[in-house]
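This report concerns only the one structure given below.
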Amino acid sequence: MSTSIIRSALFVPATRPERIAKALATGADRVIVDLEDAVQENLKEQARNNLESFLSENPEARILVRVNAPDHWAHGADLDLCQHHAGVIGILLPKAESAAQVKTAAGCKKPIWPIIESAKGLSALTEIAGTVGVERLSFGSLDLGLDMNLTVGSPAAEAILSHARYAVLLATRVAGLAPALDGVFPSIQDTTGLLGAVQFARDMGFGGALCIHPSQVAIIHQALKPSLEELNWAQRIIQAARSGEGVFVLDGQMVDAPVIGRAQSIMARAT
């Protein structure tokens, strides 16, 4: 499992290769060059050629690539490109719906981030998460909502999506994967909404979120940071734990291994 802390993963379309370097300079923890949803069908080959040129001209760059879905005609060529460039350090596999699809992508010898964004993907979560080569899961709430005929923004839809998020988190934990990433927040101008959405995902246990605009990166990072109150509490717990006592009392409350673990997790989010 990767030990890297990934809070933000920023998409940039391969049809706009001049934006890739700019995306790498945004401070996003990872940049994902997109060959799938952001690329029109008649521009798939051009987009892949753009990415090929960028990687050849910028051998120091390190990116992830969202390839086209397993049943798309461009899928094999996308994987071939990824396999032959050291600058590709991971593959986002959209519409992941079976362990067999993941195994095919993992043949590139790159870490795989399956995107769970369909009912079939949810039903196969255990097998997908347990496939060799998978590093972390990501959640595609928009596509899942479409696939399951949810009414976007309704309380009912949010209830279903919360259940789906729980399934992703459970599969992540059972398979020992790196923390999962929540899906994109589509309203670029709604910074308050993005902050709340990422904080909600954080409190559920997600490690970060996918994003579609450079302006969202700093907000995601802000949302994932612990508050000063949380930091002060965690620091006091960790300091007191250095006494070596397995169980102790601080401020009238019992502190044991799970509480210390929570404090350590909060401190990790502060870096």
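Rule-based calculations on the coordinates, nothing more; no lab input. None of the values given here were measured: they were computed from a predicted structure. Using ideal geometry, Cβ is built from the backbone for each residue, glycine included, and neighbour counts are taken over all protein chains shown.
Taking just the C-alpha trace of the chain, give me its Rg and Dmax in Å.
That works out to 19.7, 66 Å for Rg and Dmax.
Could you give me the percent of Cα pairs per 5 Å distance bin for the stretch 107-184, shortest bin first, beginning at zero and ending with the bin that holds the maximum distance?
Calculated P(r), rounded to whole percents: 3, 17, 29, 24, 15, 8, 3, 1, 0.
When only alpha-carbon atoms count, how far does the stretch 65-127 stretch along each of its three principal axes, as whole angstroms with the largest first?
33, 22, 16
In nanometres, what is the gap between the two model label sites at Asp256 and Gln222, each 7 Å from Cα along Cα-to-Cβ?
Taking the two extended label points, one gets 3.9 nm.
Ranked highest first by the average count of other Cβ atoms within 10 Å around their residues, in what order do 130-138, 168-176 fall?
Working: 130-138: 20.6, 168-176: 17.2.
Highest mean packing first, the order is 130-138, 168-176.
Count charges around Gln199 for me, please; just the other residues with Cβ under 13 Å from its Cβ, Lys/Arg as +1, Asp/Glu as -1. Mind showing how you got there, number by number?
Details: positive: Arg7, Arg202, Lys225, Arg269; negative: Asp182, Asp203, Glu230.
Here the charged neighbours net out to +1.
Build a GNM of the chain with springs between Cα atoms under 10 Å: which of Ser98, Ser53, Ser141 gets the top mean-square fluctuation?
Ser53
Sort Trp73, Trp113 so the one with the fewest other Cβ atoms within 10 Å of its own Cβ comes first. Can you show the working numbers first?
Values: Trp73 9, Trp113 28.
Going from least to most buried by this count: Trp73, Trp113.
Return Glu18, Glu52, Glu36 ranked ascending by Cβ neighbour count within 10 Å, so the fewest neighbours appear first. Don't skip to the end; give the middle numbers.
Values: Glu18 9, Glu52 15, Glu36 25.
In increasing order of surrounding Cβ atoms, one gets Glu18, Glu52, Glu36.
Name all residues of the stretch 160-186 having a backbone nitrogen under 18 Å from the label point set 7 Å from the Cα of Ser154 along its Cα→Cβ direction, giving them as ranges.
Answer for the stretch 160-186: 160-164.
What percent does the relative contact order of the chain come to when contacts are Cα pairs within less than 8 Å and at least six residues apart? Don't skip to the end; give the middle numbers.
Working: 475 pairs, mean separation 41.6, N = 271.
The value is 15 percent.
Kirkwood hydrodynamic radius, the stretch 1-69, all distinct C-alpha pairs: what's the number in Å?
Details: mean 1/r = 0.0807 Å⁻¹.
After inverting the pairwise mean of 1/r, the radius is 12.4 Å.
Name the residues of the stretch 72-87 whose amide N is less than 16 Å from a point 7 angstrom out from the Cα of Lys120 along the C-beta direction?
Counting only backbone N, you get 72-76.
Given Lys120/Lys225; Lys22/Lys225; Lys44/Lys95; Lys22/Lys44; Lys44/Lys225; Lys103/Lys225, which pairs have Cα atoms separated by over 28 Å?
Numbers: Lys120/Lys225 34 Å; Lys22/Lys225 24 Å; Lys44/Lys95 17 Å; Lys22/Lys44 22 Å; Lys44/Lys225 38 Å; Lys103/Lys225 35 Å.
Beyond 28 Å between Cα atoms: Lys120/Lys225; Lys44/Lys225; Lys103/Lys225.
Between Ala100 and Val174, what is the spin-label point distance in nm, taking each point 7 Å from the Cα along the Cα→C-beta axis?
Each label point lies 7 Å from its Cα, and together they span 2.2 nm.
By average Cβ neighbour count within 10 Å, what is the ranking of 195-202, 178-185, 10-17 from highest down? Can you show the working numbers first?
Details: 195-202: 18.8, 178-185: 23.8, 10-17: 21.5.
So the peptides 195-202, 178-185, 10-17, ranked by packing, come out 178-185, 10-17, 195-202.
Subtract the Cα-Cα distance of Asn42 and Gln189 from 0.36 nm times their separation in residues, and report this length gain in nm to one decimal.
Working: separation 147, 0.36 × 147 = 52.92 nm, distance 2.97 nm.
Going from the current span to full extension adds 50.0 nm.
Considering only the other residues whose Cβ falls under 13 Å of the Cβ of Arg62, what net charge follows from Lys and Arg at +1 and Asp and Glu at -1? Could you put the intermediate results ahead of the total?
Details: positive: Arg30, Lys110; negative: Asp29, Glu60.
My count for the surroundings of Arg62 gives 0.
Assuming a viscosity of 1.306 mPa s and a temperature of 10 °C, what translational diffusion coefficient in µm² per second does Stokes-Einstein assign to the stretch 132-271, Rh being the Kirkwood radius over Cα pairs? Intermediate results must be reported in sequence, preceding the final value.
On the way: Rh = 17.0 Å.
Once the numbers are plugged in, D ends up at 94 µm²/s.
Using just the helices of the chain, give the 222 nm mean residue ellipticity in deg cm²/dmol: DSSP H runs with n ≥ 4 each add -39,500 (n - 2.57), and the total is spread over all residues, rounded to 500. Could the numbers behind the result be given before it?
On the way: 12 runs with 127 residues, N = 271.
Mean residue ellipticity, 222 nm, calculated: -14000 deg cm²/dmol.
If I take the Cα coordinates of the stretch 178-243 and project them onto the principal axes, what are the three extents in Å, biggest first?
48, 24, 18
Within 10 Å of each residue's Cβ, count the other Cβ atoms and sort Cys211, Cys82 from fewest upward. The partial results should precede the final answer.
Values: Cys211 27, Cys82 24.
The most exposed by this proxy come first: Cys82, Cys211.
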